[in-house]
1. Out of region 44-73, which residues are farther than 17 Å from Asp34 by Cα and among the polar types (S, T, N, Q)?
2. Checking the conditions here, which among Ala31, Ala44, Ala67, Ala53 is touching a residue at least 24 places away in the same chain (Cβ under 8 Å) and not basic (Lys, Arg)?
3. Take region 10-27 and flag every residue that is assigned to a helix (DSSP H, G or I), small (Gly, Ala, Ser) and without any contact (Cβ under 8 Å) to a residue 60 or more places away in the chain.
4. Select from region 35-79 the residues that are basic (Lys, Arg), under 22 Å from Gly22 (Cβ atoms) and assigned to a helix (DSSP H, G or I) and list them in ascending order.
5. Just checking, how many residues over region 80-106 are within 24 Å of Ala11 (Cβ to Cβ), outside any helix (DSSP H, G or I) and not polar (S, T, N, Q)?
Amino acid sequence: MSTNAESVPQAEVDAAIVAYVGKGRVKIPTADPDAVRSLDPAHADALLQYVKAALLTSDRIEFEEVAPFDDGLRQRLYQRLRELLPQLGTEAIEALGWRWGYLNLR
């Protein structure tokens, strides 16, 4: 995934994903571009591009790719996200997984 966020430190990209979806801040995932803008106003556009690209990649994961619905589902989902987005850190992967689970398993 190539975006303008390449000039932004990876830790900041990870933090932007977590902030955008609201992991650790709200009970259900959000879409909060202002949370990203507040992290780094100078690179907000690049960060938002990266977040949206990561969300699009995550949203394309089909349940069948991580099935069955059992105790190992979460780890298989994280593994699939790591395969698709290897540059992301653990917190960003978990935030995307949390959002994916909410959107696909409720």
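1. Thr57, Ser58 - these are the residues of region 44-73 that are farther than 17 Å from Asp34 by Cα and among the polar types (S, T, N, Q).
2. Exactly one of Ala31, Ala44, Ala67, Ala53 is touching a residue at least 24 places away in the same chain (Cβ under 8 Å) and not basic (Lys, Arg), namely Ala53.
3. Result: Ala16, Ala19.
4. Arg37, Lys52, Arg74
5. Residues meeting the conditions: 4.
Coordinate-derived values only; no laboratory data. Keep in mind that this is a model prediction, so the values were computed, not measured. Please note: Cβ atoms are built from the backbone with ideal geometry, for glycine as well, and neighbour counts cover all protein chains shown.
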